[in-house]
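The values are calculated or read from the model by the stated rules, or taken from the named source; none is laboratory data. Being a predicted model, the structure only gives us computed values, none of them experimental. Positions of Cβ are generated from backbone atoms using ideal geometry, with glycine treated the same way; all protein chains shown enter the neighbour counts.
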Amino acid sequence: MVINHTHNQRTWSPSHGQPLPPEGYRDLFETLEPRLFGETRLLADVVKGGPLDLARQDSAETLDADPALTIVASRRPDVFAAHRLAPPPSDARGEFRVNPLYVIETNADPVGFRLRFPSEDYEQEYAACRQYLPDHVAIDRAALAALTTGRLPSGLLDFARRHVIVDLPKNYY
């Protein structure tokens, strides 16, 4: 079981809800011994291209200081290892689109997009995405049109790795 982006009671968040401290999340599991990870370090693993290191054990100080936690619980010890990250799929499960956080800035060829958050609170809570989402991107109009085929053009592979191009459910917007 994986539960990600649980807010940490010990740090401030603009959408705090009713979070627990790290030990409170551990107490939710009666029959499993979950491992908690600071989201900051897991994200750093992903941004650098992996591996995703679930073998480590974050210290209490690391957990207390991280605004969001990921909880992994399993009876299988092989889960708690370093895992290679899979490359982006070349075929869409839904449909490949430009990440909805981008708006068209210039409608030329290539098309210019600018990163825009829906609100200041959203931008503050998810500021870490700036580690992999550039402020501005330019994408060739022909490559954008090719996304409608359901296959990822090779020229957009890096944009897919950086989540500028995402695989969204059909009719998402």
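Structure summary
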item: Complete set of residues in the stretch 34-61 that are in contact with a Lys or Arg (Cβ under 8 Å, 6 or more places away or on another chain) and over 27 Å from His163 (Cα atoms); result: Pro34, Gln57
item: Of the criteria (1) more than 20 Å from the chain's Cα centre (by Cα); (2) at pLDDT 95 or above; (3) exposed (fewer than 12 other Cβ atoms within 10 Å of the Cβ), which one His136 fails; result: (1)
item: Residue check, Ala92 closer than 27 Å to Leu168 by Cβ, touching a residue at least 40 places away in the same chain (Cβ under 8 Å), within 22 Å of the chain's Cα centre (by Cα) and crowded, with 17+ Cβ neighbours inside 10 Å; result: yes
item: Those helices (runs of 4 or more DSSP H) lying entirely in the stretch 96-173 with at least 2 residues in contact with a helix residue (DSSP H, G or I) (Cβ under 9 Å, 6 or more places away or on another chain); result: 141-146
item: Asp58 being within 21 Å of the chain's Cα centre (by Cα), within 27 Å of Trp12 (Cβ to Cβ) and assigned to a loop (DSSP other than H, G, I, E, B); result: yes
item: Selection count, the stretch 19-34, where residues are over 22 Å from the mean Cα position of the chain (by Cα) and either part of a helix (DSSP H, G or I) or over 26 Å from Ser74 (Cβ atoms) (or both); result: 3
item: The stretch 61-95, residues that are touching a strand residue (DSSP E or B) at 6+ places or on another chain (Cβ under 6 Å) and either assigned to a helix (DSSP H, G or I) or of a type in the set (Val, Ile, Thr) (or both); result: Thr62, Leu63, Thr70, Ile71, Val72
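Listed here are the residues, each with its yes/no results for (1) among the acidic types (Asp, Glu); (2) closer than 22 Å to Asp66 by Cα.
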site	(1), (2)
Thr106	no, no
Pro110	no, no
Glu120	yes, yes
Glu123	yes, yes
Ala127	no, yes
Tyr132	no, yes
Asp135	yes, no
